[in-house]
Amino acid sequence: MPKPITLLLLFIFCFIVIDSSAQVIKGVVTDTSGKPLAFATIKIGDTKQGLMADLNGKFRLRVTKSFSFIIVSHLGYQQEQVNVEHADTSVVLQIKLLPADRNLDDVVVSSSTNKLKRILGGAISNRNKNNPEKYNWYQCKIYYKTTVDILSPDSISTLDTSAEAAEWRERMKQQHMFITETYSKRTWERPQKLQEDVIASRVSGFKKAWFTSLVTDVLPFHAYNDFLTFNGKDYHNPLSSGYWQRFDFRIQDELLTGTDTVWVISYEPKKDKENLSGTLYISSNQFAISHLIAQHYDSSLRRLVGIEQQYVFEQGKWFPDQLNYFINWKGIFAGQELYMKGTSSIDSVTFEKEQGFKFDKAHTARLQPKADERSNAEWKEIRPASLSAKEERTYEFIDSIGNKHHFDNITLYMDRLSDGYFPAGKLDIDLQRIYSYNNYEKHRLGFGLRTSKKFSEKFSVGGWFGYGTGDKNLKYGGFAEVYADRYREFKFRAAYQSDLQDPGRLQINEELDRNFLRRFLLGRVDKIRSYSFEVYKKFGYLSTVLGVNHEQIIPQYDYTLDVSGKAWKQFETKELTLGFRYAYAERMSPIFGKYLSNGSKYPIIYGKVRFGEVNTDKNQYIHAVAAVKWQKHINHLGNEQFLLMAGGVFSKKPLPISKLFAGNGFRTEDQSFYVFGGMQTMLPYDYYSDRFINFYWKHDFDFKFYNAKLTKGLSSSPTLSFGYNVLYGSLKNPEAHKNVNFRVPDKGYHEVGMMLNRVVRMKVMGMMYMNLNGGYFYHLDGPFNKQNGRFVFGISADL
């Protein structure tokens, strides 16, 4: 017999003998309450051979009969030795681990330890190699499920013994408060193309999917960036440069899985560092993350947030396999706990580019036709595992309540309120028109209406009026809009208004214009009457508006424009306007029938050009302005923000002050509120230019000075920010503008400032913080005095 065949037969014989002496052990690892322990390590006997349990604590392990026990361990729990010599392979082992007494000081391995440094350094240096965002192309399908529960501790049960409370607690044991499922196809192409096609979506209590719940809405798709962002907050990644400054590490265990070694490394934040704790599982195969546990506890909000990720190596690449998260708010509802859990499963992974696939840049997440109308049979095919009895009961009960109380109608209110309207049948009431205050009109009272989607999905008409108690004048207007697509991103608008407007204020894009603050600062006004017609259209990352406008301007202050020796006090303009906004790789998600931005990590560019003619000797002009805005959280440095704006007016003759550029002053006589994008020490109408450049910069440091409790519900946790703003401008023929005082920033206007953020933090509903911020900005011009300096205050919110 030929030697190769003999060797092959010998190998097969040995394999059969070895395999026949092995048994498959199935089990699930939990804590004493029954909560699964994700990624518990299971070793065969005293060897290093073994594996990790999955996210649900489940495992399947082949053990030869020569080994009589397995060792089960998990960080924070006592190690358990389980006898499997006579185990029934048809029975799933229920392994419960007891909490362990820990003393980190006794077990911490210094970050300078050679072995630990080699492992972590190798993982960091291989981040780009294992990062899915660095792959040229991938496509996968994701099943995602979220449940929400109200948990009642035993202490609450003993305090409230009423029949209603007992019934409530029993119901919460039998079902969840809420459940939602989504099944989507995720497609990626470098450098930043992303598409989420929602194939199926279901939300308990609702017939229609008014929003899509995607796994990446809450937690990161992978753990290879400098920051792990979940629950809307950035946390330093333990696998990022500078890890030794922020974390203490220790090698918890080593495990041989096939030919690879997996190092189990625990990490905890150093003192006074608001960071994550958890466990890293690093594979010797490309030093990739095979599993990750990360969590953070906010003692003030009594909130625990965490993520659990599992990766697999397939087709020569590492890729996410399961992504889970949890949020636990304790004592949020009369001592009860709110517990939210999301689980996901990823399948059908391919790295081969699908020919002819088209990305919809304007709609990152697309709801496929009838995605919210899937039958139970279709859902059974989609789910990686059947729903539990508790989940089934949740759908049955919450759906019945939703049908009875018309939950879908509630979303109509949410849709309108998010736009500042209150629904009233076939009409919407404009809440922003009811009341406002400014220095010129004082109290402005008014009312506005428009037809709602119930009246027509294709068009809307509306009108409004307002009356100022200070100027005692009536303002009014009306509009009509026609929509050419379902998301109202392609629309035609015609409008008339008789209103007030402050002269020369920058108007680039509503994201930058700060209209809410400018209405408050209104002090010098033009009365305007205008007719306009505009067309709005979105092309991928580019949003555009093309419009024509006929406007009459009547200054309500003493002002005269001298043009060729002739004095002009009223003005009439005709303009053709082109505006745009470009946000490369912006992520857009549908909610309540429209798409909202989830942001872009790249600079956003804005621009507006007006080609016009004014009645002062039929003077033609071009009025152009542009801006660039960018924000990024940078490892080691902190959060960086900048805004650059520039503009110019080009005409042969002087233009009225209303067509110049006013300095973007946010200062008031009594107090100043800090808003990024404004000059904090400049009054609103002090400076004018016909050409300008304006730069704003702000840096937020990550570190905090201290963390102190003030009173119940109030705390202090200050962080430091620095800011610098500068304005340069020029103006031809400033002498043409009569009877009005202003300056030209031709020598530059510089101001610097420092802010202390989160000086006072107030808990809101036990779920988030409202922050009081304070600081000082100084105008760098002349001696240090009260006139040049300004205390500023601000309000912010965070999770």
Give me, ordered by chain and number, the residues 5 or more places off Asn615 or on other chains with an amide H under 5 Å from its own placed amide H. Glu572
Summing Lys, Arg as +1 and Asp, Glu as -1, what charge do residues with Cβ under 11 Å from the Cβ of Phe642 carry, Phe642 excluded? +2
Derived scalar couplings ³J(HN,Hα) [region 227-237; Karplus, 6.51 cos²θ - 1.76 cosθ + 1.60; whole Hz; x for Gly, Pro]: 10, 9, 9, 8, 6, x, 9, 8, 10, 4, 6
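Rounded to the nearest 500 deg cm²/dmol, what is the calculated helix-only ellipticity per residue at 222 nm for the chain, with -39500 (n - 2.57) per DSSP H run of length n ≥ 4?
Details: 12 runs with 107 residues, N = 799.
Rounded to the nearest 500, it is -4000 deg cm²/dmol.
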Can you work out ³J(HN,Hα) from phi for every residue in region 753-766, in order, using Karplus 6.51 cos²θ - 1.76 cosθ + 1.60 and θ = phi - 60°, giving whole Hz and x for Gly and Pro? x, 9, 10, 10, 8, 6, 4, 10, 10, 10, 6, 10, 6, x
Residues meeting the amide H criterion for Met679 (H placed from the backbone, H to H distance under 5 Å, 5 or more places apart or on another chain) are Asn664, Gly665, Phe666
Just report the Cα centroid separation between region 216-244 and region 531-598, whole Å. 39 Å
Give me the angle, in degrees from 0 to 90, between the Cα long axis of helix 389-405 and the longest principal axis of the Cα atoms of the chain, rounded to the nearest 10. 30 degrees
Which ³J(HN,Hα) values in Hz, rounded to whole numbers, follow from the phi angles of region 312-322 under the Karplus curve 6.51 cos²θ - 1.76 cosθ + 1.60, where θ = phi - 60° and Gly and Pro get x? 10, 9, 9, 6, x, 9, 7, 8, x, 10, 9
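Over 22 Å apart: what share of the alpha carbon pairs of region 212-340 falls there, rounded to a whole percent?
On the way: 3345 of 8256 pairs.
Above the 22 Å cut-off, region 212-340 has 41 percent of its Cα pairs.
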Expressed as an acute angle from 0 to 90° and rounded to the nearest 10, what is the orientation of the C-alpha long axis of helix 114-125 relative to the principal long axis of the chain? 50 degrees
Here are labelled values, (i) 27.8; (ii) 29.8; (iii) 30.9, and one is the computed Kirkwood radius over Cα pairs in Å for what I pasted. Which one? (iii)
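In whole percent, what relative contact order does the chain give with Cα contacts below 8 Å and a gap of six or more residues? Mind dumping the intermediate values first?
Details: 1870 pairs, mean separation 59.8, N = 799.
Answer for the chain is 7 percent.
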Estimate the FRET efficiency between Gln368 and Tyr724 by the formula 1/(1 + (r/R0)^6), using the beta-carbon distance for r and 45 Å for R0, to the nearest 0.05. 0.40
Surpassing 28 Å at the alpha-carbon level, of the pairs Lys271/Lys632; Lys193/Lys594; Lys569/Lys629; Lys185/Lys207, are Lys569/Lys629
FRET efficiency for Lys632 and Ile251 from the Cβ-Cβ distance with R0 = 30 Å, rounded to 0.05, comes out at 0.35
Cα centroids of region 411-464 and region 318-368: how far apart, whole angstrom? 35 Å
Putting +1 on Lys and Arg Cβ atoms and -1 on Asp and Glu Cβ atoms, find which of Ile282, Tyr297, Phe326 reaches farthest to the positive end of the dipole of region 249-328. Tyr297
Report, in degrees rounded to the nearest 10, the 0 to 90 angle that the Cα long axis of helix 163-174 makes with the longest principal axis of the chain. 70 degrees
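Please give me the summed charge of the neighbours of Asp485: other residues whose Cβ is under 13 Å from its Cβ, Lys and Arg +1, Asp and Glu -1. Write down the numbers at each step before the final one.
Working: positive: Lys458, Arg486, Arg488, Lys491, Lys537, Lys538, Lys594; negative: Asp360, Glu457, Glu481, Glu489.
Its environment carries a net charge of +3.
The numbers here are math on the coordinates, done by the rules we state, and not lab data. What you see is a predicted model, and the numbers here were worked out from it, not measured in a lab. Here the Cβ is made from the backbone with ideal geometry for all residues, glycine too, and neighbour counts use every protein chain on show.
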